[in-house]
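S.K.: Take this structure, written in structure tokens, and hold onto it; I'll ask about it next.
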Amino acid sequence: MKQGKQQGHLYLVGVGPGDPELMTYKAVRVLEQTQVWVVPKAKANGASSALEIASAMVDAVAKEVLEVRFPMKKIRLGQDHDPEVQQGWQEAAKIVLARLAQGEDVAFPTLGDPGLYSTSFYLLNTLEEMLVQSQHKQQRQQRIPVAIIPGVTAMSACSAQLHDPLGLGDDVLSVVPAAFDDVRLRDILLQSDAVVLMKVFRRLPAVIALLDELGLTDKAVLLERCGMDGQRVYTDIRKAADKELHYFSTLLIRKKQISKVV
Ligand SMILES: C[S@@+](CC[C@H](N)C(=O)[O-])C[C@H]1O[C@@H](n2cnc3c(N)ncnc32)[C@H](O)[C@@H]1O
């Protein structure tokens, strides 16, 4: 950070899963009060969902909106990351760092909640790494002033839409990013009472095959674009197997009823 200038604040703002009315007052206030928005998008020529949601509640016309690209690739923690993904994080971090150094506050709207499979923590981590690299040893304690504004998660919106709880009583709930062809999924499905499968869109046929094998297909419901235009609810998930699902698709599985059903 430049000497003598008060650095700006970074706000990681959860904007909820799509229905703009699910944005919190705090998210709306922070976005209203922040002039620079750095918004994530997956494709260079695509739209930013976070921006679409945010701008339904806060006028983005008067804002400086800087789009940054986070390619949609698998990320495994503790392993080397795809160079394209890393480049995306670094380019975004450089943009944010430059604005903070100028004393400008920056908002980073993100889908759902920032703490749940969101790009925002990759950005924050990259920012902190860059800051450490750019500082002298004695300044290493300096941190970026950051505030994280929680948001309604997609799974909460899906649960509300279905009138079905995520977890209840002694339920063990697992949340899984189903994009991974991971042997753990079978064990998780066996051991959990309720499972939320996110990022399920391209994996649905394989997931249905596994659920069929475990006798769980009829316990699963799929929600596509929950709370958004074009929302679809599949209570028979087999009917979705041959569909080209939107990335915003979540599968909820609950094994138990509240009372013993006779
Ligand atoms: C990168 S994760 C982001 C999760 C988000 N941070 C949250 O708190 O829910 C993207 C996944 O969230 C789920 N998702 C997001 N919005 C959704 C919606 N409106 N309807 C259904 N699923 C949604 C889908 O499973 C999608 O693949």
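S.K.: Given the structure, is residue 97 within 20 Å of the chain's Cα centre (by Cα), more than 15 Å from the ligand (Cβ to nearest atom) and surrounded by 15 or more Cβ atoms within 10 Å (Cβ to Cβ)? Before you say what the answer is, go through the steps one by one.
M.R.: Working: within 20 Å of the chain's Cα centre (by Cα): no; more than 15 Å from the ligand (Cβ to nearest atom): yes; surrounded by 15 or more Cβ atoms within 10 Å (Cβ to Cβ): yes.
Answer is no for this residue.
S.K.: Can you run down the residue pairs with Cβ atoms below 8 Å, 6 or more apart or on separate chains, where the first is in the range 95-119 and in the same structural domain as residue 70 (by TED's automatic domain parsing) and the partner is among the hydroxyl-bearing types (Ser, Thr, Tyr) and more than 16 Å from the ligand (Cβ to nearest atom)?
M.R.: If the second residue must be among the hydroxyl-bearing types (Ser, Thr, Tyr) and more than 16 Å from the ligand (Cβ to nearest atom), the pairs left are 105/34; 106/34; 107/34.
S.K.: Could I ask something else about it? How about the range 73-94: which of its residues are of a type in the set (A, V, I, L, M) and surrounded by 13 or more Cβ atoms within 10 Å (Cβ to Cβ)?
M.R.: First, pick out the residues of the range 73-94 that are of a type in the set (A, V, I, L, M): 75, 77, 85, 92-93.
Of everything in the range 73-94, those that are of a type in the set (A, V, I, L, M) and surrounded by 13 or more Cβ atoms within 10 Å (Cβ to Cβ) turn out to be 75, 85, 92, 93.
S.K.: Considering every residue within the range 212-228, establish whether at least one is at negative phi, out of contact with any helix residue (DSSP H, G or I) (no Cβ under 7 Å at 6 or more places or on another chain), within 15 Å of the ligand (Cβ to nearest atom) and at pLDDT 95 or above. Don't jump to the end; show me each part of the working.
M.R.: Of the range 212-228, the ones at negative phi are 212-214, 216-224, 226, 228.
Still in the running and out of contact with any helix residue (DSSP H, G or I) (no Cβ under 7 Å at 6 or more places or on another chain): 212-213, 218-219, 224, 228.
Then keep just the ones that are within 15 Å of the ligand (Cβ to nearest atom); that gives 224, 228.
Add one more test, that the residue is at pLDDT 95 or above, and what stays is 224, 228.
Within the range 212-228, one or more residues are at negative phi, out of contact with any helix residue (DSSP H, G or I) (no Cβ under 7 Å at 6 or more places or on another chain), within 15 Å of the ligand (Cβ to nearest atom) and at pLDDT 95 or above.
S.K.: Continuing with this model, one more query. Checking the condition in contact with a Leu (Cβ under 7 Å, 6 or more places away or on another chain), away from the ligand (no atom under 15 Å from the Cβ) and of a type outside the set (Asp, Glu), which residue from 237, 144, 188 passes? Full working, then the answer.
M.R.: Details: 237 fails: away from the ligand (no atom under 15 Å from the Cβ); 188 fails: in contact with a Leu (Cβ under 7 Å, 6 or more places away or on another chain).
Just one listed residue meets the conditions, 144.
S.K.: Ok, one more. Counting only residues that are within 11 Å of residue 36 (Cβ to Cβ) and surrounded by fewer than 20 Cβ atoms within 10 Å (Cβ to Cβ), which one in the range 104-116 is farthest from the ligand (Cβ to nearest atom)? Give the derivation first.
M.R.: So the first thing to find is which residues in the range 104-116 are within 11 Å of residue 36 (Cβ to Cβ), and the list is 104-108.
Restricting the remaining residues to those that are surrounded by fewer than 20 Cβ atoms within 10 Å (Cβ to Cβ) gives 104-105.
On the way: 104: 25, 105: 22 Å.
Across the range 104-116, the extreme among qualifying residues is 104.
The values are calculated or read from the model by the stated rules, or taken from the named source; none is laboratory data. Because the structure is predicted, anything quoted here is derived from the model rather than measured. Ideal geometry is used to build each Cβ from the backbone, glycine not excepted, and the neighbour counts take in all protein chains shown.
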